[in-house]
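Read the structure below first, then the notes.
Just so it is clear, none of the values below were taken in a lab; they were calculated from the coordinates. Just so it is clear, the model here is predicted, and its values are computed rather than measured. As a convention, Cβ positions derive from the backbone with ideal geometry for all residues, glycine included, and neighbour counts pool all protein chains shown.
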Amino acid sequence: MLDEALVTASVLEEKGILKRGTAFRMAKLNLIPCRYVGPKRKGVRFNVPEVLAALRRRPTVERQDEHVAI
């Protein structure tokens, strides 16, 4: 599981996978996997193959169309 190196959100952005802020938002919403590191567990790291696999998965929750009265 941890065979691959963990990278920062900035590295995901450099590789053209996700923008830094998007990576943090998606991690917070549990849409992509992440690991919390450091003594206070505030650092966030990502495993690139796991992130790519999560992005390829179909969403499990279907969106409902919003109906707006005019």
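Throw me the Rg/Rh for segment 5-57, computed over C-alpha atoms with Kirkwood Rh, two decimals.
Radius of gyration over Kirkwood radius for segment 5-57 works out to 0.93.
For Leu18, enumerate residues with amide H under 5 Å from its amide H, sequence gap 5+ or separate chain, H modeled in the peptide plane.
Long-range HN contacts for Leu18: Glu13.
Would you mind computing, in nm to one decimal, how far apart the modelled labels at Lys19 and Glu4 are, each placed 7 Å from Cα along Cα→Cβ?
The answer from the label model is 2.3 nm.
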